[in-house]
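The values are calculated or read from the model by the stated rules, or taken from the named source; none is laboratory data. Not measured: the values here are computed from a predicted model. Don't worry about glycine lacking a Cβ; one is built from the backbone with ideal geometry, like all the others, and counts go over all protein chains shown.
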Protein chains: 2
Amino acid sequence: MTIATVARHARVSRQTVSNVLNAPHIVREETRRRVQEAITALGYRASQAARQMRTGRSRLIAARIEPTRDGINGSVLDRFLHGLTETADAAGYRIMLYTARDDDHEIATYDDLLGAYDLDGFVLTGTDHGDPRTAWLAERQVAFVTFGRPWDAPDAHPWVDVDGAAGTAQATRRLLDAGHRRIAFIGWPAGSGVGDDRRSGWRTVMAAAGFDGTAPDRETEDGIDHGEREMRDLLAADEPPTAVVCVSDSLALGALRAVRDATAPVAVVGFDDTPVAAAIGLTSVSQPLEAAAARCVELLTGVLAGQPTEPHALLSPTLVLRHTA
Amino acid sequence: MTIATVARHARVSRQTVSNVLNAPHIVREETRRRVQEAITALGYRASQAARQMRTGRSRLIAARIEPTRDGINGSVLDRFLHGLTETADAAGYRIMLYTARDDDHEIATYDDLLGAYDLDGFVLTGTDHGDPRTAWLAERQVAFVTFGRPWDAPDAHPWVDVDGAAGTAQATRRLLDAGHRRIAFIGWPAGSGVGDDRRSGWRTVMAAAGFDGTAPDRETEDGIDHGEREMRDLLAADEPPTAVVCVSDSLALGALRAVRDATAPVAVVGFDDTPVAAAIGLTSVSQPLEAAAARCVELLTGVLAGQPTEPHALLSPTLVLRHTA
DNA sequence: TTGTAAGCGTTATCAA
DNA sequence: TTGATAACGCTTACAA
């Protein structure tokens, strides 16, 4: 069934049907109603392919689905993708999935996706210092939003992010309020934007409370085992910390293992509020992923529609209190 | 850049370029090489939209992304989707995402997706008795594969599934070998295909070992709290079980909580090998999700190509041994 | 306000 | 083996 079927059915020209679809206001009330009725009666749907050929717009947005690394932090992406799909749908867009082993491969995929499917835009997750992907896209004037700040230039492109520093700050404040004084931090090696951001929240609050530089700060790769090792190290000190803020739930989980054998109780806070945290009662900083996804779609569709919108959005996480702090 | 650009560059007609792309064998060796060179030199990619208009095929497969329910079992879908994207890509297809609140809404989405984007096929996850979705698709002769058996008719349509009974059977056998005799099962209420299947594996092995009907079998909704409650009930019996097989990691996690307070140690086995299981050391039955996704794509593309392929595939899960059994 | 004509990039058909 | 032509379903420009 084509637009011609609808036109015949409503006894108008094809063009009038197209107008009802794309510029309803220029069609006479009664004609529009008759056409609309024909459309619903026939269950007509405009062919995207034909529409795209003419307009050059596909109403398709690409998003990457990553291989679930350790699984713990992977589920974050899952929720984000679901939010993306839902909001995009409401805005008349569809999400197309792709994978890529590394940045080079990802860029090759952009090329492919753009050439073959004529994608309208991209939503990138996890940005890094000097990200080659954003440079590639920007150079070609492709519309995109990142979930994650451009760590080099604050306004290089539209982005949505969660204020990690605010999250760890909130956690640290909470621990101080509970009477803790020796609050350690287990984070990733300096250099990653996300990791440094989260560390800074803890550091700022500790400094403001007068514990400048004295609180133990560890750097390690992500992973349960690494978290356990670091925590054991911390506990072996003369004056071991009574609480620890971790940059991820994986590390927090490891810390929790080490803490189990400790003489005094130690409070532990994780980051990301993953299913694992919920399952074992780990207090964790929770990212508003659905909201973040919604803002991504909003920003991207705004750019696509040529509307001047907010260049970015920084969302606040919340601390989910459970048993470990 | 269009096919005409390539044609000019290689000094052939548009049609010849098209032939090189779609029927290379009918083009003379030397011409083909020249055209191929022009294609790579120009970085040409055929427009899917134009191709689709002519052929009626979009090379698009739709898959549903569900709202992460309790999160624990949700990550299974995540891995499946990733596998799907990867295999589909290799086969020249792309995955388009959609969500739906319920079956009716999902069917409406099929209609939309089919009408607007002319999707080639669907991959459905989680089938139930008398699934209205498969009936709708079959009636309209839409190509689809389900991850999950059609529980009513074994060969109603192509499907891929994991042999849940084999998984619980393996777990039960392992427990028997370890010397356990009173092995309970905590499952979902009878009536769900997946739940009944998993229960049957445990029951069969127990019956074969001579414990017919005597082993405690519980039915409950999924969830950590439900698992804990059922396990406490079981432990309160005169002769409490020394081991329990659970239909899901959520229930197993709850059981594990209850077990912690028990006088004698109790072995616990879960199902799905979710990140939570890995994190806390829960022994669990693991589904080969990447393989399942690959088979789904294989079956679906086979149907789309009109090739007579295996009508279905039943994959074997593996038992991942950790600390709890 | 409605209708006519052209063209988007591809492939199928058929003639050379 | 290669090339010309038409057609897929839609929207934009323009004429009625």
Could you please let me know if A:Glu290 is assigned to a helix (DSSP H, G or I) and either within 13 Å of chain B (Cβ to nearest Cβ) or closer than 22 Å to B:Thr274 by Cα (or both)? yes
Every residue from segment A:235-275 that is more than 14 Å from chain B (Cβ to nearest Cβ) and among the polar types (S, T, N, Q): A:Thr242, A:Thr263
Restricting the search to segment B:276-285, which residues are more than 16 Å from A:Arg257 (Cα to Cα) and within 14 Å of chain A (Cβ to nearest Cβ)? B:Ser284
I need every pair where a residue in segment A:74-92 that is free of Cβ contacts under 8 Å to residues at least 24 places away in the same chain and among the charged types (D, E, K, R) has its Cβ under 7 Å from the Cβ of a residue that is part of a helix (DSSP H, G or I) and surrounded by fewer than 23 Cβ atoms within 10 Å (Cβ to Cβ), sequence separation at least 6 or different chains. A:Asp78/B:Gly74
Taking B:Ser47 as the residue in question, decide whether it is under 30 Å from B:Leu300 (Cα atoms), more than 28 Å from the chain's Cα centre (by Cα) and modelled with pLDDT of 90 or more. yes
Could you say which residue among A:Thr55, A:Thr99 is more than 30 Å from A:Phe271 (Cα to Cα), surrounded by fewer than 22 Cβ atoms within 10 Å (Cβ to Cβ) and of a type in the set (S, T, N, Q)? A:Thr55
Of (1) more than 11 Å from DNA strand C (Cβ to nearest atom); (2) over 29 Å from A:Leu300 (Cβ atoms); (3) surrounded by fewer than 21 Cβ atoms within 10 Å (Cβ to Cβ), A:Val6 satisfies every one except (3)
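Here's a check for you: in segment B:119-152, which residue that is of a type in the set (Phe, Trp, Tyr) and closer than 25 Å to A:Ser47 by Cα is surrounded by the fewest Cβ atoms within 10 Å (Cβ to Cβ)? I'd like the intermediate steps shown before the answer.
Within segment B:119-152, the first condition is being of a type in the set (Phe, Trp, Tyr), and the residues that meet it are B:122, B:136, B:144, B:147, B:151.
Applying the additional criterion that residues be closer than 25 Å to A:Ser47 by Cα yields B:122, B:136, B:144.
Numbers: B:Phe122: 25, B:Trp136: 18, B:Phe144: 25.
The extreme case among them is B:Trp136.
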Can you give me the number of residues within segment B:120-142 that are in contact (Cβ under 8 Å) with a residue 60 or more places away in the chain and of a type in the set (A, V, I, L, M)? 2
Within segment B:218-243, track down each residue that is in a helix (DSSP H, G or I) and closer than 15 Å to B:Ile183 by Cα. B:Glu230, B:Met231, B:Arg232, B:Asp233, B:Leu234, B:Leu235
Of all residues making up segment A:20-47, the number that are away from chain B (no Cβ under 14 Å), more than 8 Å from DNA strand D (Cβ to nearest atom) and in a loop (DSSP other than H, G, I, E, B): 2
So A:Arg57, is it away from DNA strand C (no atom under 16 Å from the Cβ) and at negative phi: no
Kindly list, by first and then second residue, each pair from a residue in segment A:36-61 that is among the β-branched types (Val, Ile, Thr) to a residue that is within 11 Å of DNA strand D (Cβ to nearest atom), limited to pairs with Cβ atoms under 9 Å and residues at least 6 apart or on different chains. A:Ile39/A:Val6; A:Ile39/A:Val17; A:Ile39/A:Val20; A:Ile39/A:Leu21; A:Ile39/A:Arg45
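Here's the yes/no breakdown for (1) within 16 Å of DNA strand D (Cβ to nearest atom); (2) part of a strand (DSSP E or B):
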{"residue": "B:His9", "(1), (2)": "yes, no"}
{"residue": "B:Val12", "(1), (2)": "yes, no"}
{"residue": "B:Ser18", "(1), (2)": "yes, no"}
{"residue": "B:Ala50", "(1), (2)": "yes, no"}
{"residue": "B:Ile61", "(1), (2)": "no, yes"}
{"residue": "B:Phe80", "(1), (2)": "no, no"}
{"residue": "B:Gly83", "(1), (2)": "no, no"}
